[in-house]
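S.K.: Submitted below is the structure of interest, expressed as structure tokens.
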Amino acid sequence: MRPTGKLHLGNYVGALANWVKMQDQYECFFFVADWHALTTDYADTSHVKENCVDVMLDWLAAGLDPERCVMFIQSHVPQHAELHLLFSMITPLGWLERVPTYKEQRENISDKDLSMYGFLGYPVLQAADILIYKGDFVPVGEDQVPHVELTREIARRFNQFYHEPRIIFPEPQPLLTPAAKLPGTDGRKMSKSYGNTILLTDPEPLVRQKLKTMVTDPARVRRTDPGNPDVCPVGDLHKIFSSAETNANVNAGCRSAGIGCIECKSWAADSLVSILNPMQERRKKYEDNPRLAWDILEQGSTRASQVAETTMKEVRDAMGMSRDFGAASNAQRAK
Ligand code: SF4
């Protein structure tokens, strides 16, 4: 996850909630991608560190547990950069220029100059991020599937060139995060750039205030007009966060005009608050002492570095770049 500052409910539903479940099903590595942040925000790095800590606090608040997963900062494991460099030597330019997000972002982001080497190459860095842990699965949304496919292609190409004494990289599979439609307060997709977010750190009064101004089914102009929760952003929030019982009451009450939007929104706020409150309580311990969170990241970086270095030894060995004289001459002989 890129360090973009405090996380919102869209980040939670789109990734984090899924990660919390995954830490009991897989051996997971989660990292704050500070180098990736530079691919678009290279000109001002003054907030990178504080944003990394903010993201980490939200991860811990949401329930990621250092006993059950490895959490770290990408730049603290420099082996990612070494593997990125080596992959960049074997990745054809055409593969990168075809990546759909590359084309989209070049067209849509006009306030920054993205004609940079790092921006074109960021899927190669992603491939290094994944393959350095020999990841079998990568939890992604639909839009990131082409990046996982590119990672598979890079792994395949590397394995073709350098397979002595053994094949090094598995081909990872995408693990699709079920897409949940999470609208922001203005009804558009929840996103920082639209200014329509509800943050995981928003206190209860602010959550209630934001809900009060949230847009609803436009057909429901007067209190007596029946509405339809399926076309109402508040209805979408209920579907994701409220109980089956509340959803049944919303459905019946909205369609018959038996409830007003104000009441319906207060139920939605209740549901959100019941999820956010325990997160905010967990967060407080680390907020009061951010050093604790930093130490977890550092321990995670140490653990991740051990795994990454083991892979890099194999890579250097296979490419004839081992510091070990015996291994170097073995690779020579294999050629
Ligand atoms: S009652 Fe609820 S679901 Fe129906 S339009 Fe109002 S806010 Fe939306």
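S.K.: Working out 0.36 nm times the residue gap between residue 321 and residue 85, then minus their Cα-Cα distance, what length gain in nm do you get to one decimal?
M.R.: Between residue 321 and residue 85, full extension yields an extra 83.6 nm.
S.K.: Please report, to one decimal in angstroms, the Kirkwood hydrodynamic radius of the chain built from all distinct Cα-Cα pairs.
M.R.: Kirkwood hydrodynamic radius for the chain: 22.2 Å.
S.K.: Okay, next question. Counting residues in region 257-320 as N, plug N into 2.2 N^0.38 Å and put the Cα Rg over that result.
M.R.: That ratio works out to 2.19.
S.K.: Now a separate question. How large, in percent, is the carbon and sulfur part of the accessible surface of the chain at a probe radius of 1.4 Å?
M.R.: 53 percent
S.K.: Under 19 Å from a point 7 Å along the Cα-to-Cβ line of residue 306: which residues of region 111-142 have their amide N that close?
M.R.: Counting backbone N atoms under 19 Å from the label point, the list is 132-135.
S.K.: So what is the accessible area of region 115-269 per residue, in Å², with the probe set to 1.4 Å?
M.R.: Ligands and nucleic acids excluded, the figure is 50 Å² per residue.
S.K.: In debye, nearest 20, what is the charge dipole magnitude of region 1-155 about its Cα centre with +1 on Lys and Arg Cβ and -1 on Asp and Glu Cβ, if you could check?
M.R.: For region 1-155, the charge dipole is close to 120 debye.
S.K.: For residue 134, give me every one of the lysines with a C-alpha distance below 22 angstrom, ignoring sequence neighbours fewer than eight places off in its own chain.
M.R.: By straight Cα distance, residue 134 reaches 21, 313.
S.K.: Can you tell me how much longer the chain between residue 299 and residue 285 gets when fully stretched, taken as 0.36 nm per residue apart minus their C-alpha distance, in nm with one decimal?
M.R.: 3.2 nm
S.K.: Follow-up. Check each of the trypsin sites (Lys or Arg not before Pro) in region 61-109 and keep only those in coil by DSSP with at most 15 other C-beta atoms within 10 angstrom; list them in order.
M.R.: The qualifying sites are 68, 98.
S.K.: Beyond 26 Å, how much of the Cα-Cα pair distribution for region 141-270 remains, as a whole percent?
M.R.: Within region 141-270, distances greater than 26 Å cover 43 percent of Cα pairs.
The values are calculated or read from the model by the stated rules, or taken from the named source; none is laboratory data. Predicted model, so just to flag it, every value in this text is computed and none were measured. Here the Cβ is made from the backbone with ideal geometry for all residues, glycine too, and neighbour counts use every protein chain on show. Just so you know, the surface numbers come from the protein's heavy atoms only, side chains and all, with ligands and any DNA or RNA stripped out. Shrake-Rupley method; radii C 1.70, N 1.55, O 1.52, S 1.80 Å.
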